[in-house]
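> For reference, the structure I am asking about is given below.
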Amino acid sequence: MKEVNYNNAEIAGAEGVDQQFALGAVGTKVLHRAGFLAVAERLLAGDFLSDEDVRSLAARAAPPVLAKLVSIMRVVQPDLCPKVTRIRPVVLLNAAEALETKGLQAAKIELAQRLDSVQESGVSTNVFAALDRWTGDFTLGELVEFLKHALPEDFSARGFKILGPSTSEIKLLVERHSGRRSPGFGMIQVLELLHELGVTRVEGGGDLSIHRAALAGGFEVAIGQRVEFHTSSDPRSGQYPLSKSFVDELLLVRRELAPAGKVTAWFPWAVSSSSTQLIRAIALGRLALRSVPRIRAPLSLLGPNVAQAALEFGANDVGFAAVDSYTAQGLGICPLSEIEFLELDQTQIGGLTIPSNTDV
């Protein structure tokens with residue numbers, strides 16, 4: 001079979017895959033009745049789903065159909081659906097508060113103590129430091145200079161990274177500096193200062209114009225896309241349509257942003273939505289965004305039960321977990337001490353991959 005090159009992902013075909021084994025008798029019947037057997041056969045052949053396939057799945061594919069299609073993808077291209085589930089440890093640093101209320105020496109001591117406590121807890125690599133705020137009675141330049149002097153010199157060597165802002169936080173930074181009448185200060189300057197601080201990725205948010213600017217500036221991006229659906233999406237009605245605007249944006253990400261190779265994660269979010277719709281959105285993201293390595297099921301949004309279920313629908317990342325109760329309370333996320341409810345084949349916490357039966 002010929003090679004397919006789409007969104008920087010190459011597929012050499014699916015020779016050797018037993019179609020009957022991959023589909024199964026029950027799976028074949030379910031997909032046939034739902035009208036998606038042809039889509040399954042394209043996945044078995046190693047082909048990418050067309051825009052029309054994605055739109056059709058978004059309009060009427062029930063969760064069992066999507067789960068089966070994801071399972072087929074795992075059989076044919078296991079590298080696109082890795083079984084290792086990533087959890088990213090994060091610690092909250094009150095950097096903005098320290099800049100506004102404390103001297104440099106007091107701030108250095110406090111921040112060093114926070115970081116020492118993280119490593120004493122046993123999480124020692126790839127820990128993200130989340131700032132309490134990116135804006136306040138200071139400029140971004142002042143915050144960057146403060147952190148350069150307040151953080152320990154071995155901050156990076158010890159495995160810590162500054163967690164990047166979301167697109168909404170970047171937009172606010174630009175607006176605040178514009179309000180201060182900072183001449184010539186805009187998106188490019190914000191990104192340059194973030195780079196100077198060691199930030200390598202824009203973390204979340206759905207403003208694609210900011211994600212584009214970040215990609216152009218050499219950043220990685222994790223895109224959070226708002227889930228929208230029709231009011232007729234009650235599963236009892238037999239209809240499961242995600243909105244046209246949601247699908248249009250998903251396809252835009254696939255067509256224009258994902259080919260850069262720097263979209264490292266994608267996840268759905270919603271202010272108010274059913275777990276069914278979020279699960280369906282996760283599966284659709286996995287099937288559509290073949291070049292995005294991580295599809296996230298955020299624990300903070302979904303909760304443990306739905307996040308667990310999402311792993312069967314293509315998710316391989318459950319977002320962030322707090323290293324301590326202070327961070328959990330401040331950021332509203334699950335602490336690492338409570339992740340044992342997840343039944344995972346393997347878990348990657350920071351830079352360490354551990355079997356599911358290992359205490360963390």
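> For region 166-171, what does the Karplus curve 6.51 cos²θ - 1.76 cosθ + 1.60, with θ = phi - 60°, yield as ³J(HN,Hα) per residue in whole Hz, taken in order and with x for Gly and Pro?
7, 5, 5, 5, 5, 4
> Something else about it: Based on alpha-carbon centroids, what's the gap between region 266-325 and region 149-217 in Å, whole number please?
Using only Cα atoms to place each centre, the spacing works out to 25 Å.
> Sticking to Cα atoms, compute the Rg of region 101-214 to one decimal and its Dmax as the biggest Cα-Cα distance, whole number, in Å.
Looking at region 101-214, its Cα Rg and Dmax stand at 14.9, 46 Å.
> Then there is this: Which value, in debye to the nearest 20, describes the size of the charge dipole of region 97-229 about its Cα centre when Lys and Arg Cβ atoms bear +1, Asp and Glu Cβ atoms bear -1, and nothing else is charged?
For region 97-229, the charge dipole is close to 240 debye.
> How much FRET efficiency would the formula 1/(1 + (r/R0)^6) give for ILE109 and THR264, where r is the Cβ-Cβ distance and R0 is 30 Å, rounded to 0.05?
Approximately 0.30, to the nearest 0.05.
> Something else now. Please list the non-local residues whose amide H lies under 5 Å from the amide H of ARG86, H modeled 1.01 Å from N, same-chain partners needing a gap of 5 or more.
Counting only residues 5 or more places away or on other chains, the set is ASP317, VAL318, GLN348.
Where a number appears in this text, it was derived from the coordinates with a stated rule and is not lab data. All values derive from a computational prediction rather than experimental measurement. Here the Cβ is made from the backbone with ideal geometry for all residues, glycine too, and neighbour counts use every protein chain on show.
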